[in-house]
Amino acid sequence: MDVVFADLDPRFAALNVYLGELKRGRRMAALADLDPRGFGPWLPFLNLIDVVLAGDAVRFRFRLVGAAQSAAAQLQYQGRFVDDAVAPASRRRVIDDLTRVAATCRPQYGRYGMPFPGRGFVESERVFFPLSADDRMVDSILALHRYPALEEADAAGLAPQSWHLEAWRNALAGG
């Protein structure tokens, strides 16, 4: 099912437009096309996830985790696989969403509670956007998160400037 961006928070549509501009006639933008300055105030709420082929299996590894995401989860999960880092209560749903993105080469929307230490389940929304170097297979997924019940600044206690652009530059350079 296609994501209907007009029905979602405008930040998801804005990121979709930004990525659309980077496609230049391709089905998907590539990781190499991204400029983190184009993400604006949502940078702390973005995750970059690698699609890792291991034999016949597909796994997903957090390459970069937005500062707000790390703070909200009270967990450092950059570099970890989703199946090792995401709480069991949400793991299957997150992996299913990521698998759909990899299989269809299309964005995937999800809205469900995520467990956060000391907060219980916090309602959250996210759109997973496919990225591809060869425009055939999804090799990375960009995820933008939102917490409708909480003001984002309160949810993380961080301003957008708290995310280090250098981490993005290193990741985009293959670091």
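Every number in this text was worked out from the coordinates using simple rules, so none of it is lab data. Just so we're clear, the structure is a prediction, and the values are computed from it rather than from any experiment. Neighbour counts run over all protein chains shown; Cβ positions are idealised from the backbone, glycine included.
The simple Förster model, with R0 at 22 Å and r as the Cβ-Cβ distance, assigns Arg92 and Val52 a FRET efficiency of 0.75.
An oblate overall shape is assigned to segment 26-71, the ratio a/c of its alpha-carbon gyration tensor axes (a ≥ b ≥ c) being 1.5 or greater and a/b not exceeding b/c. In terms of its C-alpha gyration tensor, segment 1-113 comes out rounded, because the ratio a/c of the largest to the smallest axis stays below 1.5.
The peptide list 100-109, 135-144, 34-43, put in order of mean Cβ contacts within 10 Å with the highest first, becomes 135-144, 100-109, 34-43. Our note on the geometry: Cα centres of segment 80-111 and segment 21-74, 13 Å apart.
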